[in-house]
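These notes are about the structure you will find just below.
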Amino acid sequence: MSWLHNLFATEKPIIGLLHLRPLPGDPFFGPDDTIQGVIEAARADLLALQEGGVDGVLITNEFSLPYEKKVSAVTTASMGMVIGALSPLFTVPFGAEAIYDGDATIELCAATGASFTRCLFTGAWAGDLGLIDRDVSRTLRLKRSLGLDKLRLFYFVTSEGEVFLNDRPTVDIAKTLLFNCRPDCLVVGGSAPGQNPGPELVRTVKQAAGQTPVVCGTGCRLDNVADILAAGDGAFVGTTFKKDGKFENAIDAVRVRQFMDRVKEIRKD
């Protein structure tokens with residue numbers, strides 16, 4: 001039995017993404033927006049995800065566009081307030097992610113009691129945000145200093161919208177990441193939210209990862225979930241769960257339930 005089963009009660013978990021609306025300090029947090037409005041939207045999404053039967057929930061600042069390479073204190077404080085307000089409602093394991101900033105993500109998890117997290121913890125990348133250069137040595141030392149030995153880390157081995165500043169194949173990146181950082185799990189994502197990396201890439205990384213789990217990070221849908229679960233060890237799911245399958249919409253509990261019913265058939269739950 002793997003740690004995935006111990007945490008999520010299944011060997012191939014589906015982790016629903018709870019995308020927070022723009023937060024105080026974000027460029028698109030409007031003059032009439034309030035943190036209470038963010039909390040109310042997040043509460044509705046959380047209840048829909050849990051009603052639909054997901055195995056876990058990851059809370060991210062998905063609408064803090066454009067993302068910061070070093071997340072502002074107001075963002076982590078706002079996320080902490082939202083997660084604190086949701087705390088009595090969790091019926092499944094939850095995680096938290098401050099997008100692109102591994103250190104802020106670790107601190108957020110320490111403050112909220114998250115069981116797991118996902119982030120672009122390693123590598124040097126180039127994209128719309130400029131150069132993103134992660135310092136995983138600092139991040140892991142921060143995790144250790146905060147006593148977060150039980151916090152499970154999901155490492156992106158590919159990045160949404162960025163190019164790795166190295167010409168190595170993804171599978172080679174995965175191999176050295178496994179050696180240098182000992183991740184709990186690898187995440188293979190597509191080029192953007194809702195974009196599928198393809199089951200073959202997930203399968204190839206899984207073959208290289210051995211006993212380390214590998215999950216799909218983006219683009220898992222009703223029509224490809226069987227292939228993705230056959231290739232890897234689970235998936236993060238966001239856009240698929242939203243009304244009409246559109247990134248900007250709220251979570252639709254009916255879509256979640258339909259998806260999870262199919263997953264349970266595949267897993268033979």
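Read-outs throughout are calculated quantities, based only on the coordinates presented, and are distinct from any laboratory measurement. Model, not experiment: these values are computed from the prediction. Counting neighbours? That spans all protein chains shown, and the Cβs are built from the backbone with ideal geometry, glycine included.
Of the residues L165, L20, L177, the one that moves most in a GNM of the chain with alpha-carbon contacts below 10 Å is L165. Residue order for I59, I266, I39, fewest other beta carbons within 10 angstrom first, comes to I266, I39, I59.
For the chain, the mean residue ellipticity at 222 nm estimated from helices alone is -12000 deg cm²/dmol, where every DSSP H run of n ≥ 4 contributes -39500 (n - 2.57) and the total is divided by all residues, rounded to the nearest 500.
Ranking of K246, K268 by neighbouring Cβ atoms within 10 Å, starting from the fewest: K268, K246.
The share of Cα pairs per 10 Å bin across the chain, counted from zero up to the longest distance, runs 7, 32, 40, 20, 2, 0 percent.
DSSP beta bridges fully contained in the chain are about 25 percent antiparallel. Our note on the geometry: Cα centres of region 224-243 and region 56-98, 22 Å apart. Largest mean-square fluctuation among I99, I15, I173, in a Gaussian network model of the chain whose springs join Cα atoms under 10 Å apart, belongs to I173. The stretch between A124 and L47 holds 24.0 nm of extra length on full extension. This uses 0.36 nm per residue minus the Cα-Cα distance.
Taking 0.36 nm per residue of sequence separation and subtracting the Cα-Cα distance, how much length would be gained by fully extending the chain between W3 and N180, in nm to one decimal? Could the numbers behind the result be given before it?
Values: separation 177, 0.36 × 177 = 63.72 nm, distance 2.04 nm.
The W3-N180 span can extend by a further 61.7 nm.
Legend: calculated FRET efficiency, E11 to E248, from the Cβ-Cβ distance at R0 = 30 Å, rounded to 0.05, equals 0.35.
Treat the count of other C-beta atoms within 10 Å as a stand-in for reagent exposure and order R255, R203, R152, R182 from fewest to most.
Values: R255 19, R203 16, R152 22, R182 11.
Lowest count first: R182, R203, R255, R152.
Listed by chain and number, the lysines placed with their C-alpha closer than 20 angstrom to that of K264 are K12, K242; residues fewer than eight positions away on the same chain are left out.
What residues from region 44-85 fall in the zone where the backbone N is under 13 Å from a label point 7 Å along the Cα-to-C-beta line of D135? What the label zone holds, given the 13 Å backbone N cut-off, is 70. At q = 0.12, 0.23, 0.24 Å⁻¹, what base-10 log of I(q)/I(0) does the Debye formula yield for region 1-102 when every alpha carbon is treated as an equal point scatterer in vacuo? Scattering profile of region 1-102, log10 relative to I(0): -0.41, -1.19, -1.25. Between D261 and T34, the contour length at 0.36 nm per residue exceeds the alpha carbon distance by 78.2 nm.
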